[in-house]
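This report concerns only the one structure given below.
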Amino acid sequence: MLQWGAPATARNFAMFYLARWKHVAVVLLFIWILVTYLVISPLRCSGNPDEVAEYQARLRHVSTQLDTLRQQHTNLIAQIKSSGSSGKINIDPSALFAGDGPSEEYETLRRRIYTNTKELWYYIKSELRKVLNDNDKTSRIEAVLKDVGERKRSLLFDQQKLAEIDGHNEWRRLEAANVSDLIQRRLKYLQNPSDCREARKVICNLNKGCGFGCQLHHIAYCLIFAYATERTLILQSRGWRYNTKGWDYVFYPLSDSCTSAYEDKALQWPASYDAKVISLPFIDSMSQKPKFLPLAIPKDLAHRILRFNGDPASWWVGQMIKFVLRPRTAMQKAINETIARMSFKTPIVGVHVRRTDKVGTEAAFHHIHEYMAHVAQFFDTLELDGPVAARRVYLASDDANVLEDARRKYPQYAFEGDAGIAKLAATHRRYTPQSLTGLLVDLHLLAACDFLVATFSSQVGRVAYELMQANRVDASESFFSLDDIYYFGGQNAHDRVAVLPHDASGAQDISFKVGDMIGIAGNHWNGYGRGTNRRTNANGLIPWYKTMEYLVLYPFPEYKEVPLYVDTRQEQ
């Protein structure tokens, strides 16, 4: 048995492993040479243009792999040399495993710890506040809440730091960029067939009687359908309520070469797979919903996305919106000019307050202090890493009075926003080009914020979050919704799976076993959510921390014609 306390033995142990690492370095060099031979020897072609292109792509991929192996070998040799005869061996694991990235299990567990820490806080806060009716306990309970709040912020701060120090930040950034780029190139390929007249198509009519966020999600649903069925999407938008000339007058067309179904007859969905042209209904009235609708994600990309993002479904939808939402030059200029008049600086929290037509029908009224409580928590946590020069908030609303009210009640915050945009967002002025410009400004800036506080009952709130997801590595921990959890209107079932057993303790909660699927109705933000156990059909409250998101993987087409990576090196 090895006695770790004996100096001589420890030194022998260290020298033994020093010798072993030298052997590893030699083996690694041998592998490098062997791989060089094995991967290059098959790379021969007959001169056919297609084979030449494939040859070049494979050669670039091999070159990248060899560069990685060479760097690993160089790093390992340098570490062994620096060890000298001191007996201290500090082998950097990244020297052996650079480029592999974190495992899916590590990332899932890391996010689960983060979520469950918050859930613990929701539960404690909810339960302790019930005792506040006892006057003699009020001050004590408030002190406990404050103390637990500080501890919670410290825990979350540490969890966020975990991702920064694990050595994979740059890998996540590159992988997110690569997967996003791949999806955008697949969509471009799909939308620009070599023969438009003969291409299979899906027709999407934009004239849906709802606001911009709703219409944008309608196009995203149509594009997902097109992607899943390998059809070019034809967007029909004449008479669009925001601009009667159509979507293409404000944004770049979804296709550079294929914008018509010609005279081909369009069959209304549901239709046979062989139908050349299919016309889609609105998702709300769709019968026989396909399994590839949200919240499903592509199976071929799922394990890549999971390694850098904690909410793959919203990230996937965000990629659709990223492809669709490309303002033309005139619109982009108007957006840029509006932004230039503001003092938008980070760190900053985005707040979207939806009022007018939503309140009392689809959503409850939320006072400004409900939003600001989460703004304060963000800055309190941020200041654990040092003082913040100014607590900035970008406030967007369809009620012009909200911005003035916030500035009056919270003078310690620097509010950015445009009351003029809010006035144009009023119900009677909403469907105009000017209102659309203001809304696009709000969406752009909300998505650019470090943190978002909104209501996900609002389509605009969800679009802002989806754009955050589309434009960064992982925004799944950078928002708070005052009402709904994230959803896509008209989505298929949203399930969570039980990872811990639960025995009901009262009439309100339900029992479940590990592995039970639970259909989710929402999160109450108090440690519990509401759902239905699909095995027992029981409906009631569930401890959120005993479940985890169930990800639906659908075998979308893999578009083999589109290369996985694009060579970004400059031609010599």
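Structure values in brief
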item	result
Single condition residue 207 does not satisfy, out of (1) modelled with pLDDT of 95 or more; (2) not in a helix (DSSP H, G or I)	(1)
Residue tally, condition surrounded by fewer than 17 Cβ atoms within 10 Å (Cβ to Cβ) and under 26 Å from residue 313 (Cα atoms), over region 230-249	1
Matching entry among 223, 267 (being open to solvent by 20 Å² or more (accessible area, probe 1.4 Å) and either closer than 15 Å to residue 282 by Cα or of a type in the set (Val, Ile, Thr) (or both))	267
Residue satisfying all of: in region 509-523; among the charged types (D, E, K, R) and over 20 Å from residue 122 (Cβ atoms); least open to solvent (accessible area, probe 1.4 Å) among these	516
Any hit, region 454-476, residues being open to solvent by 10 Å² or more (accessible area, probe 1.4 Å), part of a strand (DSSP E or B) and either more than 15 Å from residue 521 (Cβ to Cβ) or out of contact with any Asp or Glu (no Cβ under 9 Å at 6 or more places or on another chain) (or both)	no
Among (1) touching a Lys or Arg at 6+ places or on another chain (Cβ under 6 Å); (2) farther than 27 Å from residue 179 by Cβ, the one test that residue 286 misses	(1)
Failed condition for residue 479, given (1) open to solvent by 30 Å² or more (accessible area, probe 1.4 Å); (2) out of contact with any strand residue (DSSP E or B) (no Cβ under 9 Å at 6 or more places or on another chain)	(2)
Selection status of residue 197, more than 22 Å from the chain's Cα centre (by Cα), in contact (Cβ under 8 Å) with a residue 40 or more places away in the chain and not in a helix (DSSP H, G or I)	yes
Any hit, region 327-342, residues being assigned to a loop (DSSP other than H, G, I, E, B), exposed (fewer than 15 other Cβ atoms within 10 Å of the Cβ), out of contact with any Ser or Thr (no Cβ under 9 Å at 6 or more places or on another chain) and not basic (Lys, Arg)	yes
Residue check for residue 283: within 24 Å of residue 254 (Cα to Cα) and out of contact with any helix residue (DSSP H, G or I) (no Cβ under 7 Å at 6 or more places or on another chain)	no
Failed criterion for residue 257 (all others in (1) touching a Ser or Thr at 6+ places or on another chain (Cβ under 8 Å); (2) outside any helix (DSSP H, G or I); (3) closer than 26 Å to residue 316 by Cβ; (4) in contact (Cβ under 8 Å) with a residue 40 or more places away in the chain hold)	(1)
Residue ID - surrounded by the fewest Cβ atoms within 10 Å (Cβ to Cβ), chosen from residues in region 270-324 that are in a helix (DSSP H, G or I) and of a type in the set (Phe, Trp, Tyr)	323
Residue in region 524-572 that is modelled with the lowest pLDDT, counting only those that are among the hydroxyl-bearing types (Ser, Thr, Tyr), open to solvent by 60 Å² or more (accessible area, probe 1.4 Å) and assigned to a loop (DSSP other than H, G, I, E, B)	568
Neighbours by Cβ (under 6 Å, 6+ apart or cross-chain): first from region 426-437, under 17 Å from residue 250 (Cβ atoms) and open to solvent by less than 40 Å² (accessible area, probe 1.4 Å); second at pLDDT 70 or above and part of a loop (DSSP other than H, G, I, E, B)	436/242
Residue match in region 389-399 (condition: crowded, with 22+ Cβ neighbours inside 10 Å and assigned to a helix (DSSP H, G or I))	no
Out of 422, 454, 364, 447, sole residue that is within 24 Å of residue 251 (Cβ to Cβ) and either at pLDDT below 95 or of a type in the set (Phe, Trp, Tyr) (or both)	422
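Let's see how each residue does on (1) more than 27 Å from the chain's Cα centre (by Cα); (2) loosely packed, with under 15 Cβ neighbours inside 10 Å; (3) not in a helix (DSSP H, G or I):
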position: 112; (1), (2), (3): no, no, no
position: 119; (1), (2), (3): no, no, no
position: 124; (1), (2), (3): yes, no, no
position: 141; (1), (2), (3): yes, no, no
position: 158; (1), (2), (3): no, yes, no
position: 161; (1), (2), (3): no, yes, no
position: 172; (1), (2), (3): no, no, no
position: 176; (1), (2), (3): no, no, no
position: 182; (1), (2), (3): no, no, no
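The values are calculated or read from the model by the stated rules, or taken from the named source; none is laboratory data. None of the values given here were measured: they were computed from a predicted structure. Backbone-built Cβ (ideal geometry, glycine too); neighbour counts: all protein chains shown. The accessibility values were calculated without ligands, DNA or RNA, using every heavy atom of the protein model including side chains. Shrake-Rupley method; radii C 1.70, N 1.55, O 1.52, S 1.80 Å.
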